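The values are calculated or read from the model by the stated rules, or taken from the named source; none is laboratory data. Quick caveat, the model's predicted, so the values are computed rather than measured. Here the Cβ positions follow ideal geometry from the backbone for every residue, glycine too, while neighbour counts run over all protein chains shown. What goes into the accessible areas is simple: the full protein's heavy atoms, side chains included, and nothing from ligands, DNA or RNA. Shrake-Rupley method; radii C 1.70, N 1.55, O 1.52, S 1.80 Å.
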Amino acid sequence: MLDVYWFSGDDEFYSGGSSCYPYSIGSHVDLYCPPSKRARISAPFALESGFFEQAEKPSIDSLPDECLFEILRRVQGGKERISSACVSKRWLMLMSSIRRTEMPVKSENEFVSSGDVDMVDCDEDQELKTDDGYLTRSLEGKKATDVRLAAISIGTSSRGGLGKLSIRGSNSIRGVTDLGLSAVAHGCPSLKALSLWNVPSVGDEGLFEIAKGCPLLEKLDLCHCPSISNKGLIAIAERCPNLTALSVESCSKIGNEGLQAIGKSCFKLLSVSIRDCPLVGDHGVSSLLSSASSVLTKVKLQALNITDFSIAVIGHYGKAITNLTLSGLQNVSEKGFWVMGNAQGLQKLVSLTITSCRGTTDLSLEAMGKGCAYLKQMCLRKCCFVSDNGLVAFAKSAASLESLQLEECNRVSQAGIVGALSNCGEKLKSLTLVKCLGIKDIASGVPMLTPCRSLRSLSIRNCPGFGSVSLAMVGSLCPQLQHVDLSGLYGITDAGILPLLERSEEGLISVNLSGCLNLTDEVVVALAKLHGETLEMLNLDGCRKISDASLAAIADNCLLLSDLDLSKCAITDSGISTLAASKKINLQVLSLSGCSEVTNKSMSGLKILGETLVGLNLQHCNSISSSTVELLVESLWRCDILA
């Protein structure tokens, strides 16, 4: 065998000297060719018999994989291994198939030189970066191939090892397969986080290898992996005891057995998210939750075929759960949520989000409020059976509630909102209403109750029935507001928002009035005079009746304003000049998108404002020429200009 891979200086690979390793590092760089190419023969040749004799001489590439494997596994040092892997695709794949346990043990005097780090940096395809002490790599689309994974496996081994690997999508021709994951498992024993999205060619064999080679794995994220089944998940459970986070989405072959194994073996599991897995049922969910009840803190269950039984298990065994998300659970009835609340097991629950669950009714909502003593954040989306009575009862029972968000809860009316604000206690800080179509102005019939002096943030977005009467009523109950978002409320007028501005005692910091078509300069002038000393952000996008008079009030009163959006407002060059002339204002972000009356005459004013600006939006300003924009870009080089 020694005669097979002994090369002298006159042989095929390079001239001068001798070595038993034809791929060793030296000054003869003719060996380092692009991947998948043979080394160019540097010796001269002629069309005589000598040429043919030379061509017939033995080559290391003529060795079978078994022999070449034995040679390559003895290559020591990160730089040498990387250089060997660069010879050809065959060498790369062989190098990546070598496990750490198959490499010779280094002597005490050996160490990795700093040159190993530079060797990896020379390849722009690596794009490796350090994150929290270990390396992170992300492959997306066409770049996700087995060859790249093999290169990552070899390249990161001398730099502390790969800690996080994310694969999004796969090359349609040479996509990621089990072979690529095997390469990662062989060369990256330090892997702690693995994310696989849309990789149909990766199956159980790939996860088997990860389980064997990466025992330190802590986070596993599987999304749209149709070839991975319970077997792969069971292997992870048995060999990766440090698993703390598991996310499984749209994996059609993963079911109860896999989840049961995770619950049985992974005692450190802190977070679990399961979505749209048709084989997952009550048995798997209940087994997982009951087994990991002492440590599990975050649970997300979405679009699953589970019933009241699983929800009841959460209520009884979720003693450590702090964040709970339940979405699209069509088979869970009112009884399930009622039991979850009354079981008194969710004593540490802080955040609860429920979306599109028919079992969320007035009765079950009240039970959850009473059973979750430390609940601070509540979000209800598309809960069509929750009405005013349930909302008020929940507000009364949830004594620790700080944030309440309702989206598309169309049975909630003005009376429910006012009642909730009046009965929420002294801790509610944020109220958000989005697309709640049941809220309509009622001039009378709703009693004025106790103000909610703790509320600091009010966000009412895209609720078409929420008009001036409702806004004035809510504003009277919230005297300590600092953040107001009324975007998309095209029905409100000056008469509705002025009482809110006048009753606000703390001073508003951010105000979003985008899409409020009927507001006039009177509102902005009042806002600037009453809250100019605290106002930092003002959005007037689409307020077509706002003119230069508003800019004059802003320039005179808003000392702290840094973000101003005037898109599609009726302002002119005169208003821009007024802003620029003010010595009090120091804007950082200014948007004039769609302001058709702002022309090239505003260039000098924009240059003055640009001394402090970091962002300027001039899109769809048809009266500003491209040459003016170019001059602004040239002079305001610190400012990011959109045009």
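Expressed in Å, the radius of gyration and Dmax of the Cα atoms of segment 447-529 are 11.7, 32.
At the residue level, W197 shows approximately 90 square angstrom of accessible surface with a 1.4 angstrom probe and all protein chains present. Legend: calculated FRET efficiency, V589 to A399, from the Cβ-Cβ distance at R0 = 41 Å, rounded to 0.05, equals 0.55.
Distance distribution P(r), segment 150-204, all Cα-Cα pairs, bin width 5 angstrom from 0: 4, 19, 32, 25, 14, 5, 1 percent. Each 10 Å bin, from zero up to the one with the longest distance, holds this percent of the alpha carbon pairs of segment 525-613: 19, 59, 22, 0.
Listed by chain and number, the lysines whose C-alpha is less than 26 Å from the C-alpha of K376, apart from same-chain residues fewer than 8 away, are K268, K298, K300, K319, K335, K348, K396, K427, K429, K435.
The heavy atoms of I608 offer some 90 square angstrom of accessible surface to a 1.4 angstrom probe.
Find, among the GluC sites (Glu not before Pro) in segment 401-484, those assigned to loop by DSSP (not H, G, I, E, B) with at most 12 other beta-carbon atoms within 10 angstrom.
Details: sites: E402, E407, E408, E426; in loops: E402, E408, E426.
Listed in order of number, the matching sites are E426.
When restricted to Cα atoms, segment 340-434 yields an Rg and a Dmax of 11.7, 33 Å, respectively.
For A495 and R168 in the same chain, what is the full-extension length gain: residue separation times 0.36 nm, less their Cα-Cα distance, in nm? Before the final figure, lay out the partial values.
On the way: separation 327, 0.36 × 327 = 117.72 nm, distance 5.17 nm.
Taking 0.36 nm per residue and subtracting the Cα distance, the gain is 112.5 nm.
Per-residue Karplus couplings for segment 604-616, computed as 6.51 cos²θ - 1.76 cosθ + 1.60 with θ equal to phi - 60°, are listed in order as 5, x, 5, 5, 5, 5, x, 5, 10, 6, 10, x, 9 Hz, Gly and Pro entered as x. Given R0 = 22 Å, the distance between the Cβ atoms of N622 and A549 translates into a calculated FRET efficiency of 0.40.
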